[in-house]
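Reviewing the structure listed below.
Every number here is computed from the coordinates shown, using simple stated rules; none is lab data. This structure is a prediction, so every number in the text was calculated from the model and none was measured. In this analysis, Cβ positions are derived from the backbone assuming ideal geometry, glycine residues included, and neighbour counts consider all displayed protein chains.
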Amino acid sequence: MKDVYILGIESSCDETSCSIVKNGREVLSNVINSQIAIHEQFGGVVPEIASRNHIQNISKVVEKALEDAKIGFQDIDAVACTYGPGLVGALLVGVSYAKALSYSLHKPLIGTNHIHGHIAANYISHPDLKPPFLCLVISGGHTHLVHIKDYTEFEILGKTRDDAIGEAFDKVARVIGLGYPGGPKVDKLAREGQPNIELPKTHFDNLDFSFSGIKTAVINLHHKNPDVNKADLCASFEKTVTDILVEHALTAAKGLNIKTIALAGGVSANSYIRNEFLKLEKQGYQIYYPEPVLCTDNAGMIASAGYYNYLNGQIADLNLNAIPNLPIQAIS
Ligand SMILES: Nc1ncnc2c1ncn2[C@@H]1O[C@H](COP(=O)(O)OP(=O)(O)OP(=O)(O)O)[C@@H](O)[C@H]1O
Ligand SMILES: [Mg+2]
């Protein structure tokens, strides 16, 4: 089969990114312009500022991605862009740019679901990985346990009923004074502590998650006792949420008789979570997660997911719009 080159564009939150991916698996370039330093002073992403920065950066990021990949616009087979979920103004920058590119180059346009992208990051890091498998999508806005039935077929087995796990990490970090974005900072400090503080776990009679209870417990504990050992608190928080993730993933894996479990999304960069899942290999499970740069938002994962949409004939037209709350099951 002829090689397929996809130009991917990601702009759903505060990263402006463009990537060229060959055959869905080989990253020729992945340029990521992060706005973290800009939003840090506000303690979180300011949507309007994010959109403006995407507009300022997108052309430069696309040009650099082509330059790094050493190819030209004429070598691309299709343009894929994230059209949801995400911040509407931020998404619209990438969607509009991708439409203009597709129209002017006479190349197909592919709308890509950002969460499909997080899952597809695993295809780049692990060329041997193929559906079916289970995937825990743990990111800033999502906590989904997903059955990946095929490259473009997804079933949600469980999801958070309140906060996303990444939000909980960020909130805990903010309350104990670690700053934004909190996940990596909690990860680092937890390595110096012991998980010796008991925190609540919320259980439902299905595979749904809840993280608002544990988040509130950490906040209350810190307010009542500001001298509490922060490293121990981080380690205890990480252990409690990880126990829940492992428990749910195992229940689903046993129920479906699936032996392959992948992690995806920004929180899957967490070293404790990765190690705890790796321990399941002793029980005969195969564990996958993307390399750190592919865990958080990047266009490589969007080009990879877009490739599988392309093979499946899921081509968009110029009516493609940004959908801020795009569900994971939607055909993209
Ligand atoms: N090492 C880490 N440990 C824990 N959390 C982490 C780590 N690195 C990043 N994160 C968290 O990952 C989140 C960002 O991930 P990601 O970029 O996938 O989310 P998002 O794009 O904002 O949300 P979504 O993908 O759900 O729309 C943040 O909450 C951040 O704190
Ligand atoms: Mg994301």
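Of all segments of the chain bounded by GluC sites (Glu not before Pro) found in a DSSP loop with no more than 14 other C-beta atoms within 10 Å, the longest spans 1-191. Taking Cα atoms only, the orientation of helix 88-105 departs from the longest principal axis of the chain by about 20 degrees. How charged is the neighbourhood of Lys159? Take every other residue with its Cβ under 14 Å from the Cβ of Lys159, and add Lys/Arg as +1 and Asp/Glu as -1. Around Lys159, the surrounding residues sum to -4. Taking each of Lys188/Lys279; Lys22/Lys279; Lys107/Lys171; Lys171/Lys254; Lys130/Lys230; Lys159/Lys239 in turn, the alpha-carbon distance tops 31 angstrom for Lys22/Lys279; Lys107/Lys171; Lys171/Lys254; Lys130/Lys230. For the chain, the 222 nm mean residue ellipticity estimated from helices alone, with every DSSP H stretch of n ≥ 4 adding -39500 (n - 2.57) and the total spread over all residues, rounds to -13500 deg cm²/dmol. Farthest toward the positive end of the dipole of the chain, out of Gln41, Ile115, Val93, is the Cα of Ile115, where the dipole comes from beta carbon charges about the Cα centre.
Note on the chain: with charges restricted to the Cβ of Lys and Arg (+1) and Asp and Glu (-1), its dipole about the Cα centre is near 180 debye. In a DSSP loop and with at most 15 other Cβ atoms within 10 Å, the trypsin sites (Lys or Arg not before Pro) in segment 52-142 are Lys70. Loop-resident chymotrypsin sites (Phe, Trp or Tyr not before Pro) (DSSP state other than H, G, I, E or B) in segment 18-113 with no more than 10 further Cβ atoms inside 10 Å of their Cβ: Phe42. Hey, if you put +1 on the Cβ of every Lys and Arg and -1 on every Asp and Glu Cβ in the chain, which of Gln56, Leu157, Gly84 ends up farthest toward the positive end of that dipole? The residue sitting farthest along the positive end of the dipole is Leu157.
Relative to the longest principal axis of the Cα atoms of the chain, the long axis of helix 114-125 lies at roughly 90 degrees. Between 0 and 90 degrees, the angle of helix 165-175 with respect to the longest Cα principal axis of the chain falls at about 60 degrees. In this label model, Ala100 and Glu63 are separated by 1.3 nm, measuring between points 7 Å along each Cα→Cβ vector. What residue among Leu136, Leu101, Leu92 has the largest mean-square fluctuation in a Gaussian network model of the chain, using Cα springs under 10 Å? Greatest mean-square fluctuation among the candidates belongs to Leu101.
Counting Lys and Arg as +1 and Asp and Glu as -1, what is the net charge of the other residues whose Cβ lies under 15 Å from the Cβ of Asn53?
Details: positive: Arg52, Lys60; negative: Glu10, Asp14, Glu15, Glu40, Glu48, Asp297.
Summing Lys/Arg as +1 and Asp/Glu as -1 gives -4.
The fraction of Cα-Cα pairs per 5 angstrom bin, counted from 0 for segment 130-292, comes to 2, 9, 19, 23, 20, 14, 8, 4, 1, 0 percent, rounded to whole percents. Most simply put, segment 130-292 has about 60% antiparallel DSSP beta bridges, counting only bridges with both residues inside it. Charge dipole (Cα centre; +1 on Lys/Arg Cβ, -1 on Asp/Glu Cβ; no other charges) of segment 130-292 amounts to roughly 200 debye. Taking Rh as the Kirkwood radius computed over C-alpha pairs, what is the Stokes-Einstein D of the chain at 37 °C in a medium of viscosity 0.692 mPa s, expressed in µm² per second? Translational D for this selection: 163 µm²/s. Taking a sphere under 12 Å around the Cβ of Asn122 and counting the other residues whose Cβ falls inside, with K and R at +1 and D and E at -1, yields a net charge of 0.
Qualifying trypsin sites (Lys or Arg not before Pro) in segment 165-205, where qualification requires a DSSP coil assignment and no more than 15 other C-beta atoms within 10 Å, comprise Arg191, Lys201.
Full extension of the chain between Asp77 and Asn220 gives 46.1 nm of extra length, using 0.36 nm per residue less the Cα-Cα distance. With neighbour counts taken as other beta-carbon atoms within 10 Å, the residues Thr112, Thr296, Thr240, Thr202 rank, fewest first, as Thr202, Thr240, Thr296, Thr112. Assuming charge only on the beta carbon of Lys and Arg (+1) and of Asp and Glu (-1), the dipole of segment 37-194 about its Cα centre is about 180 debye to the nearest 20.
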